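Enquirer: Have a look at this one.
The values are calculated or read from the model by the stated rules, or taken from the named source; none is laboratory data. Not measured: the values here are computed from a predicted model. Positions of Cβ are generated from backbone atoms using ideal geometry, with glycine treated the same way; all protein chains shown enter the neighbour counts. Surface areas here come from the heavy atoms of the whole protein model, side chains and all, with no ligands, DNA or RNA. Shrake-Rupley method; radii C 1.70, N 1.55, O 1.52, S 1.80 Å.
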Amino acid sequence: MSTVVDPAQQCSGPAESGKEYADWQALLERIPYARHLGLEVQRDDAGVLVHLPCREALIGNFMLPALHGGVLGALIELTARVAAQSQDTETRCPRILDSHINYLRSAKARSTFARADIVRQGRRTSLVQVTCWQGDENKPIATGQVQLLLPTMAAQQEDRHGH
Amino acid sequence: MQVVSVDQGQVCMRLTPQSWMFAQEDTNEICTSVLYSLADSAGGLAVFAGVLELMPIATLDLRMDYLRPVSGDRALLAVATCRHLTNEVAFIHCDILSEGNRELLATANATFMRNTPGQQFRAGILKKEGA
């Protein structure tokens, strides 16, 4: 997996950011669909972000050419999920309840990045805002809000009793 | 993804789950993002089914509600309907169902912008006309 900063810099960086990077990477690696898309965790001065390398298979419109809207949806949802899970003290696996994505600019066939901002991390739910950009982080191509449910003991027991 | 049917203003698409679509390694639960992609594709096709012509369109926004976890045992069906058309915008609703028991798995509402030939698209057409 590639990183924005070089490995030497990484070692001297703040320990917390290094741990966050490792946590995100471990969580993302366990998601088969994230591996299929080729998502990778990167680090910069502002924190961790997720990189979606461009491949021909991800193009939704060959006339433009543009990335498939669903691929951006996946980048946003999976970034939100990893952000919420890494913040949870028990690293419970969150369930995505809903997501609302706004497409702001056309997504060209090139590398795309996503950064998560946790609006609220509650006991049972987490609301995450994700921003996607390509060349310039100040010119986002899409933003999304994802609501996640963190499973509680009661809900897990309910599941076990036939649902 | 396969297209099952296209009627005026309504489209049905089908997707057979594969192991790379899973949300977690030790389960066979399908990742919500796969449903999202299916809804986006079916929604876009429903715009064409509503206007009955092929013009470039762009997704403005899409809101998904995931009603229940989705196992990879059954194929998924997406039924997208064009609810309303204006000159510039198409309003789409999409239901994602489980094939067989027709259980409702997720719903989506999307807004598409019609007639959005971007600069690159126009350049492509000009190139073709010139050739």
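Enquirer: Condition check: open to solvent by 50 Å² or more (accessible area, probe 1.4 Å) and not in a loop (DSSP other than H, G, I, E, B). Does residue B:54 satisfy that?
Expert: It is false that residue B:54 is open to solvent by 50 Å² or more (accessible area, probe 1.4 Å) and not in a loop (DSSP other than H, G, I, E, B).
Enquirer: Within segment B:26-51, work out how many residues are assigned to a helix (DSSP H, G or I) and touching a strand residue (DSSP E or B) at 6+ places or on another chain (Cβ under 7 Å).
Expert: Residues in segment B:26-51 being assigned to a helix (DSSP H, G or I) and touching a strand residue (DSSP E or B) at 6+ places or on another chain (Cβ under 7 Å): 16 in total.
Enquirer: Please work out which residue is nearest to the chain's Cα centre (by Cα), limiting yourself to segment B:5-25 and to residues that are open to solvent by less than 20 Å² (accessible area, probe 1.4 Å) and within 14 Å of chain A (Cβ to nearest Cβ).
Expert: My answer is B:13.
Enquirer: In this structure, does residue B:40 turn out to be more than 12 Å from the chain's Cα centre (by Cα) and charged (D, E, K, R)?
Expert: Criteria not met by residue B:40.
Enquirer: What is the residue count in segment A:121-141 for residues that are open to solvent by 20 Å² or more (accessible area, probe 1.4 Å), part of a strand (DSSP E or B) and not aliphatic (A, V, I, L, M)?
Expert: Result for segment A:121-141: 4.
Enquirer: Give segment B:26-38 a look and list any residue that's more than 8 Å from chain A (Cβ to nearest Cβ) and either surrounded by 24 or more Cβ atoms within 10 Å (Cβ to Cβ) or touching a residue at least 40 places away in the same chain (Cβ under 8 Å) (or both), or say none.
Expert: B:28, B:29, B:30, B:35
Enquirer: Determine whether residue A:46 is crowded, with 23+ Cβ neighbours inside 10 Å and under 28 Å from residue A:123 (Cα atoms).
Expert: So residue A:46 fails the test.
Enquirer: Within 16 Å of residue A:134 (Cα to Cα) and in contact with a His (Cβ under 9 Å, 6 or more places away or on another chain): which single residue out of A:106, A:111 fits that description?
Expert: A:111
Enquirer: Follow-up question, since we're still on this one. Answer yes or no as to whether residue A:55 is surrounded by fewer than 21 Cβ atoms within 10 Å (Cβ to Cβ), touching a residue at least 40 places away in the same chain (Cβ under 8 Å) and under 29 Å from residue B:27 (Cα atoms).
Expert: no
Enquirer: Also: Only one residue in A:58, A:37, A:78 is within 13 Å of another protein chain (Cβ to nearest Cβ) and touching a Ser or Thr at 6+ places or on another chain (Cβ under 8 Å), so which one is that?
Expert: Unique residue meeting the criteria: A:78.
Enquirer: If you don't mind, there's one more thing I want to ask. Just wondering, is there one or more residues in segment A:93-109 that are at pLDDT below 95 and more than 13 Å from chain B (Cβ to nearest Cβ)?
Expert: no
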